[in-house]
Structures are given as C-alpha cells and as structure tokens.
Amino acid sequence: MAKPWTQSPQGPQSPQTRTPGRTGPRVRLFGRDDPARTPSAHSVAVIGLGRFGQSLALELMAEDVQVLGIDEREEVVQSLDGQLTHVVRADATDEAVLRQLSVPDCDRVVIAIGSDIEASILVASLLLRFEVEGIWAKAVSDAHGLVLQQLGIPHVVFPEKDMGRKVAHMVSGSVQDYVEVDKGFAVVRTAVPHRFVGRALGDSGIRREHGVTVSSVKHEGQEWEPATADTVLAAGDTLLVTGPTRQAERFGRLA
Ligand code: ATP
C-alpha cells in the first residue's frame, strides 16, 4: 500500500507533502489496518483549508486526531506547517493525488471547499467512489447541499446558515446559547426564570407545563452538575434545557 508520507514528489502532478516536526524513519500514520490504532485515534483528511477547514483541522489536532490537510494554495499550506500531522499542497480533484495521499484509507474525510462548488462536487464523487465511510461536506447554499445529499454524502453541513440561526437566537436575547441537535429539537443554555427560584425541579412543573427538561444546572461560581428532582434552583443559576425547539426557546424567554 502506498506510503505517501515517505515518498518524495514524482512528476508534475505529485503533491507537495510536508511532514512537520518528524525526524528519522517515517511511518505511515493513516490506515484502517494499523494494529496500533485505537478506536479513538481517528485519522481525518480535511480537504480545503479556508477558515472553516483550518478551524476544524486545528480543533481535531487538539483532540489528538491525526489530521491530513490538503489545500491547493501554497501560502495556506505554509501557514499551517507544523500545526497539522501532515499538510499537503495539492489539487484534491485529482484522483491520483488523493490515492497517492491514501485519502481512501482515512477514517473520515471532510470536504471543506465551499465557493468552488464544482471542485466540491468532484471531490465528493471521488470519495464516494473510494467508498470512504465517513464523509462530511460543507455546503454554501441549499442547492449545493442538495446536490451533495443527492450524490450520497451522508453528512452535509451548512456552517454559515447554522451559525446565522444560532446567533439569531442569542441576539434576540432569549437564550445564552443554542444548538438544534436534530430538526425541531434543541438544547439551550439559559438563566433560571425568576418564578422558579427557590423551587426544587421535581416540584417545579417545568416539564409538565413547558414541555422541556432541565438536564444540568450551574450554580453561580460552581461547576455544571446533572439536574435531579431534588435540585433547588437559585438566583444566578444557569440551566441546560432540552426539548422541542419552540418550547425550549419559549422557556428561555421566561428568564
Ligand atoms: P472559508 O469560508 O472556509 O474560508 P471559502 O468559502 O472562503 O472558505 P473556499 O472557496 O471554500 O473558501 O475554499 C476553501 C479552501 O479550499 C481554500 O483554501 C482553497 O484554496 C481550497 N480549495 C479549493 N479548491 C480546491 C481544490 N480543488 N483542491 C484543494 N484545495 C482547494
């Protein structure tokens, strides 16, 4: 099997690979058949290192994931030199390049190319042909997302749209934080509504009357703790509330 990290570029289409911080014999880090690999030691290829791709790749690195970053822009690759497991300047629409980099062997691949929709779709179709199991793709519009979904990409994300909606909930002042974990179901962080101060959750009627569940509570100056029926709410508490989106939002507005 190809060992892209050990190969020097050959020919005009060879990707320029950088293996920051490595000395001595190079070993292949990416592959499902690596006996040393534990279930949590995922390898992820991030294709396209714009703001979204970079932020994602660096966060994965912080979680001890092995990250192969690919971008066609030299300055981007240079700026990430030493910060990812491997960072490569290459055109990801080139099937031979992706194979040479062992992208098909990565546990997961993220297509973080947005504005060049043609490139995004070409890469998506190549990855589907490689039968990569976990493919995530960023969409910049509903139409882009629809095409990716119709192609068969299992995870299509809309970062700008999702962040816009999230910020709207925070700007409107109803909640401190908001995540729609599934369509129509959300987790919100909110202050404790005044009317529940001094009451135990079990007697508060919150679930019955508002259709939401308080799952965790943070008393002022303390750490988060799981909520129980005996948890007594105090002024200054912060709550994590789960439930149907509209009800969770409505509950947040009580605060
Ligand atoms: P962001 O909002 O994340 O900054 P963007 O929408 O402004 O992204 P995009 O056009 O999505 O920018 O490009 C993201 C990155 O993908 C860029 O750094 C770009 O160089 C890279 N890219 C685009 N096409 C390819 C390709 N065919 N091969 C490799 N990288 C590519």
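The values are calculated or read from the model by the stated rules, or taken from the named source; none is laboratory data. Note that the structure is a prediction, hence the values are computed from the model and not measured. For neighbour counting, all protein chains shown are included, and Cβ atoms are generated from backbone atoms with ideal geometry for every residue, glycine included. These area figures cover heavy atoms from the full protein model, side chains too; ligands, DNA and RNA do not enter into them. Shrake-Rupley method; radii C 1.70, N 1.55, O 1.52, S 1.80 Å.
Under the condition of being of a type outside the set (Val, Ile, Thr), in contact (Cβ under 8 Å) with a residue 40 or more places away in the chain and closer than 19 Å to Phe130 by Cβ, which residue from region 64-90 is farthest from the ligand (Cβ to nearest atom)? The selected residue is His86.
In this structure, does Arg199 turn out to be over 21 Å from His169 (Cα atoms) and touching a Ser or Thr at 6+ places or on another chain (Cβ under 7 Å)? Can you show your working first?
Values: over 21 Å from His169 (Cα atoms): yes; touching a Ser or Thr at 6+ places or on another chain (Cβ under 7 Å): no.
For Arg199, the condition - over 21 Å from His169 (Cα atoms) and touching a Ser or Thr at 6+ places or on another chain (Cβ under 7 Å) - is not met.
Kindly indicate the residue of region 41-63 that is free of Cβ contacts under 8 Å to residues at least 24 places away in the same chain and either away from the ligand (no atom under 16 Å from the Cβ) or under 23 Å from Glu95 (Cα atoms) (or both) and also least open to solvent (accessible area, probe 1.4 Å) among those meeting that condition. Step by step, filter region 41-63, then rank; the result is Ala62. Glu95 meets all of the listed conditions (1) among the acidic types (Asp, Glu); (2) open to solvent by less than 30 Å² (accessible area, probe 1.4 Å); (3) at pLDDT 95 or above but one, namely (2). Ala96 meets all of the listed conditions (1) in contact (Cβ under 8 Å) with a residue 40 or more places away in the chain; (2) over 25 Å from Ala62 (Cα atoms); (3) away from the ligand (no atom under 15 Å from the Cβ) but one, namely (3).
Could you tell me whether region 146-157 includes any residue that is touching a Pro at 6+ places or on another chain (Cβ under 9 Å) and buried (at least 21 other Cβ atoms within 10 Å of the Cβ)? Step through it out loud before you land on a result.
Our first condition is that a residue be touching a Pro at 6+ places or on another chain (Cβ under 9 Å); within region 146-157, this holds for none.
No, that holds for no residue.
Take region 99-118 and flag every residue that is in a helix (DSSP H, G or I) and in contact (Cβ under 8 Å) with a residue 40 or more places away in the chain. Matches in region 99-118: Arg99, Gln100, Val103, Asp105. Of the residues making up region 109-138, those that are of a type in the set (Gly, Ala, Ser), near the ligand (Cβ under 9 Å from one of its atoms) and modelled with pLDDT of 95 or more are Ala112, Ala119, Ser120. Among the residues that make up region 117-126, is at least one of them within 20 Å of the chain's Cα centre (by Cα) and on the phi > 0 side of the Ramachandran plot? Scanning region 117-126 turns up no residue that is within 20 Å of the chain's Cα centre (by Cα) and on the phi > 0 side of the Ramachandran plot.
Evaluating Ala143 against the criteria (1) surrounded by 14 or more Cβ atoms within 10 Å (Cβ to Cβ); (2) aliphatic (A, V, I, L, M); (3) in the same structural domain as Ser102 (by TED's automatic domain parsing) leaves one unmet condition, (1).
Filter region 109-129 down to residues that are touching a strand residue (DSSP E or B) at 6+ places or on another chain (Cβ under 8 Å) and open to solvent by 20 Å² or more (accessible area, probe 1.4 Å) and give me whichever is nearest to Arg99 (Cα to Cα). By that ranking, first place goes to Leu128.
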